[in-house]
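Handing you this structure, nothing more for now.
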Amino acid sequence: MSDWNAKQYLKFKKDRTQPAIDLAARLDYGSPAKALDLGCGPGNSTAVLQSRFPETRVIGADYSDNMVETAKQDHPELEFIKCDISTEIDRLPHDFDIVFSNACLQWVPDHPSLLPRLMSLLKPGGLLAVQIPMNYQEPIHRIIESTVSQSPWTELIPYMRLFYTLSQEQYIDILSDISSDFTLWQTTYLHRMPSHQAIMDWYSSTGLRPYLDAAVTDEARDGFYQEVFRQVREEYPVQKNGEVIFRFPRFFFIAQK
């Protein structure tokens, strides 16, 4: 899979950053000395965390070279490191007051093992704060999954995404075992898109990206994109003002060590 494209991701910076703002606003921790933003992307969520706790040393971490370099360029006052959450978590310091992760863990396997490892990075009383998209029943996801499972796309796009996200009930069970207290909530964001093309632009930098990367030829890539685009135009109605509402449910939790 190719590297993430920070420029494409940031086309919708305001909408993508709002969940991080909402998660940070719920953090109740006096004066944290040190915080980690895991899966920081281009640094927008790291900046949110630093704004929430101005006196705290905040470190952003991401495995994508493109994202880390963009973060360093856009936020030279902040600290960023490269880190693959899947394999390198245990190498990080275990002295954080806050471990924060906005829209990242859905790409990381084995959450029953992952969450205790994230919790181990915290000092006693520290907070693990997570936001995970839970939009798998929304039209864009259903369109992609249905299309790629049919011929000829099964042969032309040899990729089927593994979904690592668990059910909310499963997260409750895990957090009950590894934290002293936790709170959970879900928010469905109604993003006002100027067109159906905007939905495609949004998803081309995230959920649609691995499928496009897997195409056996450029022609197959373009054909699959156009087929998904055709169905997106059918599934998402245009409002009176010409906009398209892009629903996006997201799941949040904050757990204390």
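Nothing in this text is a laboratory measurement; each read-out follows from the coordinates by a stated rule. Computed from a prediction, not measured in an experiment: that's the story for all the values here. A quick note on method: Cβ atoms are made from the backbone with ideal geometry, for glycine too, and the neighbour counts reach across all protein chains shown.
Can you give the helix-only mean residue ellipticity at 222 nm for the chain, where every DSSP H stretch with n ≥ 4 adds -39500 (n - 2.57) and the sum goes over all residues, rounded to the nearest 500 deg cm²/dmol?
Using -39500 (n - 2.57) per qualifying helix, the result is -12000 deg cm²/dmol.
Restricting to bridges with both residues inside the chain, how much of the DSSP beta-bridge set is antiparallel, in percent to the nearest 5?
Roughly 55 percent of the DSSP beta bridges within the chain come out antiparallel.
Note the count of lysine pairs whose C-alpha atoms are less than 22 angstrom apart in the range 6-256, limited to pairs 8 or more residues apart or on different chains.
Value for the range 6-256: 10.
How compact is the range 130-183 by the rule of thumb for globular proteins, expressed as Cα Rg over 2.2 N^0.38 Å?
1.61
Right, something else. Can you tell me the 0 to 90 degree angle between the C-alpha axis of helix 139-148 and the longest principal axis of the chain, rounded to 10?
Around 60 degrees separate the two axes.
Over the range 6-256, what is the relative contact order in whole percent, taking alpha-carbon pairs under 8 Å and six or more residues apart?
Here the relative contact order equals 20 percent.
Separate question: Is there a quick way to get the dipole size of the chain? I mean about its Cα centre, with the Cβ of Lys and Arg at +1 and of Asp and Glu at -1; what is the value in debye to the nearest 20?
Dipole of the chain, to the nearest 20 debye: 620 debye.
Just subtract the alpha-carbon distance of Asp222 and Arg142 from 0.36 nm times their residue separation and send over the number in nm, one decimal.
26.9 nm
Kindly put Arg209, Arg52 in sequence by how many other C-beta atoms sit within 10 Å of each C-beta, fewest to most.
Lowest to highest Cβ neighbour count: Arg209, Arg52.
Just the C-alpha atoms of the chain: what Rg/Rh do they give, with Rh taken as the Kirkwood radius?
0.97
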